[in-house]
Structure formats: C-alpha cells, structure tokens
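This report concerns only the one structure given below.
The values are calculated or read from the model by the stated rules, or taken from the named source; none is laboratory data. No experiment lies behind these values; they were computed from the predicted model shown. So basically every Cβ, Gly included, is an ideal-geometry build from the backbone, and we count neighbours across all protein chains shown. Accessible surface is based on the protein model in full, side chains and every heavy atom, while ligands, DNA and RNA are left aside. Shrake-Rupley method; radii C 1.70, N 1.55, O 1.52, S 1.80 Å.
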Amino acid sequence: MSDAASDSAGLAAGVRWDLSDLYPEPAEAAIERDLDAAETAAKRFAERYRGRVGTLGPGELAAALDRLESLLEPPGRAGAYASLRFAANTALPAHGALLQRVQERGSAVRNAIVFFQLEWVALDDARVAALLTDPALVRRRHLLEAMRRHRPHVLSEPEERLLEELANTGERAFGRLFDEILAKARFRVHEGGETKELSEEETLSLLYDAERERRRAGAAALSEGLKQHSHVLAFVFNTLLQSKATEDRLRAYADPLAARHLSNEIDAASVEALLSACERAFPLVQRYYRLKARLLGLDTLLDYDRYAPVGEKPASVPFDTARRVVLDAYRDFSPELAELAERFFERRWIDAELRLGKRGGAFSASTVPSVHPYVFLNYTGTLRDVMTVAHELGHGVHQTLAREQGLFEQDTPLTLAETASVFGEMLVFRRLLREESDPKTRLALLCGKIEDAFATVFRQVAMTRFEEKLHAARRNEGELPIERINALWLEANAPMHGNAVGLSDDYAWWWLYIPHFVHSPFYCYAYAFGELLVLALLRRYDEEGAAFVPRYLALLRAGGSAAPAALLAKLGLDVTDPRFWDGGLALLEAMVGEAEKLAEA
Ligand SMILES: [Zn+2]
C-alpha cells in the first residue's frame with residue numbers, strides 16, 4: 001500500500017460515481033412520488049387480479065406479469081439509489097434513514113401483490129402445464145416455472161406479509177448494523193513505534209505487503225479490532241443464524257443450504273460434487289504453499305504470509321493505469337465488451353476512491369433495466385485491486401447485456417453471477433503474462449493469480465463448510481459463544497491448509513468480518529463454481545478462437561432467463577457431471593507446476 005492510500009482518498013482520488021441517472025439531487029421528493037405511485041399501482045393490481053389468477057388465460061397472465069414488472073421498477077430504482085448512497089457513506093444518518101424508509105415502503109408494495117405468486121403456485125399441475133405451452137407465455141415460462149418450485153415452501157398470505165414486514169426490523173436491520181460497525185471501525189496498526197488508525201480495507205491490504213513486519217502488524221491490528229467489536233458482531237451472527245433457522249423451519253426447508261440451492265437452480269448433489277472435488281484437491285493448495293514458503297525464504301508460512309508478493313516489491317498502480325490495462329485486455333477478447341466497460345469510466349458509473357464511512361469491499365449493482373449498473377470499489381493500487389477492477393467490470397458488462405431480460409430475469413442465479421467477473425480477471429491476467437518476458441516477474445504474476453484462484457475456489461469451499469458447521473451448531477447447541485465459533489472456523493480451515501500454513505490463534509477471529517455470512521448465507525460456493533466454470537470456458541475459447549466470443553456474449557445476454565445448466569449446455573458444458581470440475585482443477589495444478597518450474601529456473 002502506498003503512503004498516499006493510508007492518508008486519504010488514495011490512488012483513485014476523485015473517482016466518485018454520479019447517481020443522478022437514478023435520481024437527480026435532491027432525490028427524496030422524487031423517491032417519495034415513485035413509492036406513492038407504486039403503492040397505488042399495487043393496490044389497483046390487487047383489486048383487478050386478487051382471487052382470479054387461476055382463471056386467467058395465457059394472454060391475460062402475460063399482461064398481468066407485464067404490469068407487475070412495470071409497477072415494481074420504480075421501487076427497485078428507489079431501493080438501488082438508497083443502498084448505493086448508503087454504501088458510499090454509511091456514516092450519514094440520512095442515508096441510513098432513507099434506506100430504511102425505502103425498505104419499509106417496498107415491503108408495503110410487495111405485500112400488496114404477494115397474493116399473485118401464492119395463487120400461481122397453488123394451481124394444479126395440469127392447468128399449469130396447459131398454460132405454459134401457450135406461445136403467449138414463452139418469454140415468461142422460466143419465471144413461472146421457477147416460482148412453482150417454491151410451492152412446498154410458501155406460507156399463507158397473512159404469514160408471508162408478516163415475515164416481509166418484520167424482516168425490516170429483523171434480518172435486514174441486523175445486516176445494516178453489521179455494515180455500519182465495520183465501516184466505522186478503525187484498526188490500530190502498530191509499526192516502528194508509531195500507531196496508525198486504518199479502515200478495514202486499508203488494514204486488509206497490509207496482508208499483501210512485501211515486508212513481513214507490516215503484514216504481521218496488519219494481521220494483529222485486524223484481529224485486535226475484530227476482538228473489540230466481537231460482542232456486537234457475534235450477537236449479529238447469532239441472531240441471524242437463529243432467524244434463518246426459524247424461517248427454514250416455517251418454510252419446511254430440509255437443511256440450511258436448501259433455500260440457497262433452490263434460488264441457485266442447482267441440486268444439492270451437484271454442489272456436493274463441486275465441494276468434494278475441491279476438497280480432494282486440497283493437497284495441491286499445500287503443495288503451492290510449500291513452494292511459497294521456499295520463495296519467501298521462510299521455514300513456516302503463517303496465515304499472514306499467504307498473500308505476500310513474490311519477488312520485488314511491486315509498485316503501486318495508478319487508477320488510470322488499471323483502467324487502461326483492464327480495457328485493453330477486454331478489447332483483445334471483444335471490442336464490444338471493452339466498449340461497454342469503458343462507459344463505466346466515462347460516464348461516472350464507478351466509485352473507487354477511499355473515504356471515511358464508505359463500506360468496505362467491492363461490488364457491481366445491476367439496479368433496474370431502465371438505468372444501468374454501478375460499480376463500487378475501494379481502490380488502494382495493488383495488483384490485486386487491478387484484478388478487482390477487472391472483476392467488477394465483468395459483473396458490470398454482464399448486467400448491462402442482461403438488461404434486455406427485464407426486471408425479473410436480468411439477474412442470474414449466484415452460480416452464474418461470477419462468470420463474467422472471473423472471466424474478466426483471467427483476460428487481464430493472461431494479457432499481463434503474455435506481455436512479460438522476465439521470468440521473475442512472470443513467476444510473481446503467476447503466484448498472484450494462483451493465490452487469487454485459491455481464494456476463489458478452495459477458500460470459498462472451506463467457508464461453505466464453516467457455514468454448514470455454524471448453522472448446524474446454532475440449531476443443535478443454541479446460542480453460540482464466540483470461542484465455539486472461533487473453533488468451528490479453525491476446524492473448517494484446517495483441511496485446506498494442512499501443515500503447510502500455520503494458522504495462529506488470531507486467525508480464529510477472522511470469520512467476523514465476512515459480509516457474505518451475514519447478507520447471503522451460502523453465497524460462497526458460487527465463487528468456486530464460477531472460477532472452475534470460467535477455466536472450462538477459457539479452454540473452449542482456446543479451442544474455438546473467435547467463434548467462441550458471440551456464444552459467450554449470448555450467455556451473458558441471457559441473464560437469468562433459463563436455468564444455469566440449460567444455458568451452459570448451449571456452450572457444450574455439462575455442470576451436472578461430477579467430473580466436470582476436475583478439468584478446471586487440472587488447469588490450476590498446471591499453473592502450480594509452471595510456478596515450480598519458474599522457481600527453479
Ligand atoms: Zn463478484
């Protein structure tokens with residue numbers, strides 16, 4: 001990390017998004033009008049269709065869905081604006097208050113129309129089958145079928161309405177509290193007799209520092225800060241674990257993963273095949289970390305050494321350079337993709353500078369089809385940050401292309417959500433490697449990519465196993481003391497690291513800052529799915545050349561309009577085959593072999 005980054009806005013100073021495409025400032029009055037209009041439209045919709053969904057013909061059903069889509073767009077726009085403004089500065093009370101208000105009023109709209117889904121899923125199969133063969137419903141077929149799969153898990157209308165409203169002071173409120181605590185937290189880094197107060201983002205980036213002492217100081221500061229906030233954060237965890245247990249019981253989900261699998265449109269056996277294929281490859285992780293220890297000249301690699309750069313201390317990358325590198329790599333693959341990505345920079349759809357009160361991490365928000373996605377970054381100038389730019393722009397172009405699917409199906413299930421992002425990272429990595437002839441720099445690049453891939457595949461598998469243990473423990477043992485969760489975290493991380501990495505007692509606390517555990521339980525396996533899928537797609541690209549590009553863009557354009565397995569089958573990939581994952585894992589093994597060779601040269 002550069003000194004500039006620790007002081008202020010960092011290397012992307014001034015790169016702030018302009019949210020006026022969602023709402024021009026001041027937005028409050030326009031948002032209020034949109035929410036009023038949506039509530040009125042929802043009431044009219046209910047007057048017209050309540051009790052009649054089962055009697056609608058195919059054309060009427062299609063028209064009703066069109067109406068629903070257009071009445072839900074304004075609250076979607078308001079929700080996107082409120083959550084983006086909150087992410088940009090969580091410290092302003094007005095931002096939190098608007099987010100809460102939009103959520104509460106959004107609940108009123110959803111509650112007014114929830115009858116529609118309930119009446120649809122209550123229909124008998126024969127009637128549904130007859131309707132779905134009608135040409136008028138071709139475009140809505142996947143959506144209607146996907147709703148039907150929730151049939152065993154929906155409740156009565158009054159119950160659904162109650163859960164929806166209570167979520168605003170339950171799970172959503174606790175999720176917001178988690179975000180606010182971590183955005184406000186300052187981590188005290190002690191270094192050379194000096195103490196600096198850094199944000200979570202800045203503290204985490206110390207783990208990528210070339211100097212071991214700085215990495216150690218960063219890790220110690222992170223652990224210490226998390227410990228200080230652990231009482232409240234662990235309370236949030238325990239509450240959300242029990243909230244999910246309650247909802248899973250009410251909705252008759254067989255286990256904690258079942259709801260996620262259903263929304264991912266994937267079966268439990270396919271996910272288990274993915275997880276166990278990765279676990280069988282854990283010795284590869286340990287083989288690499290032993291090489292890494294040799295490269296760093298260490299007897300024992302400790303947890304805070306895993307991301308240390310190999311070779312020379314890398315220079316910080318200015319944001320403009322990151323922009324050029326990413327766009328060039330995208331252009332090599334597809335000028336169309338590069339042009340879509342360039343818009344994000346030119347039209348100020350990116351927020352990249354560091355600011356007090358800003359949420360940590362990075363994401364791309366699809367918003368609504370009539371607007372465009374926005375990309376959120378905390379850019380500190382590491383090579384890894386360059387990869388994050390490539391990653392989030394991958395989401396951005398995917399979401400841009402999928403807008404044509406409309407509000408209900410523009411977003412893919414999580415299993416495909418990480419396709420374009422990871423693919424974008426691979427494009428950048430390959431271009432950088434191609435342009436580099438110095439073996440030492442090539443080795444450094446390769447190590448960086450391997451470590452990223454390990455974090456995306458194996459670490460996510462370990463995190464999924466942690467979540468399984470965590471949810472099971474909360475259900476079997478009641479509220480969990482922090483020490484118990486720490487133990488579960490170490491237990492889940494041990495098989496991946498083996499005796500190749502020393503996990504310190506401090507590492508036991510590092511589950512406390514992972515937002516996915518709080519906001520989207522069991523999100524993590526989608527990353528492993530995405531990375532291994534992308535390696536398979538890259539193999540296709542290498543075999544087919546330019547012919548692959550339009551087929552890939554068609555996959556992105558399809559958004560969530562069909563089940564992932566069906567969309568991938570069009571590219572000749574069978575993700576239901578348990579051996580499918582071995583192809584991507586073999587490529588990772590080849591990368592480790594290449595690194596070993598370069599290390600000997
Ligand atoms: Zn992503």
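Side notes on the structure shown:
- Region 482-578: radius of gyration and largest Cα-Cα distance (Dmax), Å: 18.8, 54
- Where labels lie 7 Å past Cα in the beta-carbon direction, separation of LEU250 and GLU104 in nm: 2.0 nm
- Simple rule: put +1 on each Lys or Arg Cβ and -1 on each Asp or Glu Cβ in region 72-154, find the dipole, and look at VAL109, LEU144, LEU123; the Cα lying farthest toward the positive end is VAL109.
- A Förster radius of 51 Å, combined with the Cβ-Cβ distance separating LEU166 from ASP577, puts the computed FRET efficiency at roughly 0.75.
- Seen against the Cα atoms of the chain and their longest principal axis, helix 458-477 is set at about 60 degrees.
- Shown here for region 562-601: trypsin sites (Lys or Arg not before Pro) in loop regions (DSSP other than H, G, I, E, B) with at most 10 other Cβ atoms within 10 Å, namely ARG579.
- The figure for ASP34 is an accessible area of roughly 40 square angstrom, using a 1.4 Å probe on the protein chains alone.
- Count of Lys pairs (Cα-Cα under 24 Å; at least 8 positions apart or interchain) in the chain: 19
- Degrees, to the nearest 10: 171-184 long Cα axis against longest axis of the chain: 30 degrees
- Surface per residue (accessible, 1.4 Å probe) for the chain, Å²: 40 Å²
- Sites GLU404 and LYS43, calculated FRET efficiency, Cβ-Cβ separation with R0 30 Å, nearest 0.05: 0.50
- When you restrict to C-alpha pairs under 8 Å that are six or more residues apart and normalise by the size of region 523-596, the relative contact order lands at 36 percent.
- All Cα-Cα distances of the chain, cut into 20 Å bins from zero to the largest, leave 18, 56, 24, 2 percent in each bin in turn.
- R0 of 41 Å, Cβ-Cβ distance ALA554-ALA601: FRET efficiency to nearest 0.05: 0.45
- Rounded Å value of the spacing that divides the Cα centres of region 302-375 and region 55-109: 27 Å
- Here the sum of -39500 (n - 2.57) over DSSP H runs of 4 or more residues, divided by the residues of the chain, equals -21500 deg cm²/dmol at 222 nm, to the nearest 500.
- The listed residues LYS196, LYS358, LYS244 rank as LYS196, LYS244, LYS358 when sorted by accessible area, largest first, using a 1.4 Å probe.
- Range in the chain, longest, excluding exposed GluC sites (Glu not before Pro) [loop by DSSP; at most 13 other beta-carbon atoms within 10 Å]: 1-210
- Neighbourhood charge, 11 Å Cβ-Cβ cut-off, centred on PRO283 and excluding it, Lys, Arg +1 and Asp, Glu -1: +1
- Net charge, LEU35 excluded, C-beta distance under 9 Å - Lys, Arg +1, Asp, Glu -1: -1
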